[in-house]
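The values are calculated or read from the model by the stated rules, or taken from the named source; none is laboratory data. Bear in mind that the values here come from a model prediction, so they are computed numbers and not experimental data. No Cβ is skipped: glycine too gets one built from the backbone with ideal geometry, and neighbour counts run over all protein chains shown.
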Amino acid sequence: MALLEEKTNVVSKCYGGRGGGHWDDGILFDGVREITIRCGSCIDSIVVEYCRNGETIKATGHGGNGGGAPIKIPLGASEFITNVSGHVYTANWAPNGVIGSLKFQSNIRTYGPYGQEAGNPFAVTVNPGDKIVGFFGRSGSYLDAIGVHVAHGIAHH
């Protein structure tokens with residue numbers, strides 16, 4: 001029998017550069033359903049679809065319009081994100097740093113890496129029994145920075 005503990009949330013550090021404007025998709029979600037990324041030499045943009053009470057909610061996109069064709073990462077009904085990692089990349093055109101690459105680990109598989117794995121690596125890994133339920137960061141023409149909201153107390157066996 002699964003026991004459902006009280007759900008509490010924590011916020012990770014925000015990884016990346018200081019450019020762009022702050023955004024936060026929030027914490028009012030049960031999980032992530034789909035992530036759409038556009039990338040080239042860095043992560044140009046990210047759009048996340050969340051689930052809440054069985055409904056899909058598409059958040060506002062963050063970043064610019066470059067990066068080629070969108071890459072969609074659909075998650076299964078019982079799948080959830082447990083790790084986000086990547087690189088913070090600095091260049092002449094991005095002196096404050098941008099997210100150069102992203103990789104997502106779920107309880108089932110790994111997605112990515114997407115973008116360019118150059119620069120300083122970062123990783124956010126949740127504890128067993130926890131999951132990533134939201135994203136926040138900074139963006140302008142690119143995805144400048146990213147962080148996560150983590151929910152504690154999902155079903156334990």
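See the values below:
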{"read-out": "Test: residue in segment 38-56 that is surrounded by 17 or more Cβ atoms within 10 Å (Cβ to Cβ), in a strand (DSSP E or B), touching a residue at least 12 places away in the same chain (Cβ under 8 Å) and touching a Pro at 6+ places or on another chain (Cβ under 7 Å)", "value": "yes"}
{"read-out": "Search result, residues across segment 95-115 that are free of Cβ contacts under 8 Å to residues at least 24 places away in the same chain and more than 23 Å from residue 130 (Cβ to Cβ)", "value": "95"}
{"read-out": "Of all residues making up segment 19-43, the number that are among the hydroxyl-bearing types (Ser, Thr, Tyr) and within 17 Å of residue 133 (Cα to Cα)", "value": "1"}
{"read-out": "Sole exception among (1) among the hydroxyl-bearing types (Ser, Thr, Tyr); (2) modelled with pLDDT of 95 or more; (3) in a loop (DSSP other than H, G, I, E, B) for residue 111, by number", "value": "(3)"}
{"read-out": "Candidates 27, 46, 35 - the one that is among the hydrophobic types (A, V, I, L, M, F, W, C), over 15 Å from residue 140 (Cβ atoms) and modelled with pLDDT of 95 or more", "value": "35"}
{"read-out": "Any hit, segment 113-132, residues being exposed (fewer than 15 other Cβ atoms within 10 Å of the Cβ) and at positive phi", "value": "yes"}
{"read-out": "Within segment 59-96, considering residues that are hydrophobic (A, V, I, L, M, F, W, C), assigned to a strand (DSSP E or B) and within 12 Å of the chain's Cα centre (by Cα), the one surrounded by the fewest Cβ atoms within 10 Å (Cβ to Cβ)", "value": "73"}
{"read-out": "Meets criteria (more than 16 Å from residue 99 (Cα to Cα) and exposed (fewer than 14 other Cβ atoms within 10 Å of the Cβ)) for residue 21", "value": "no"}
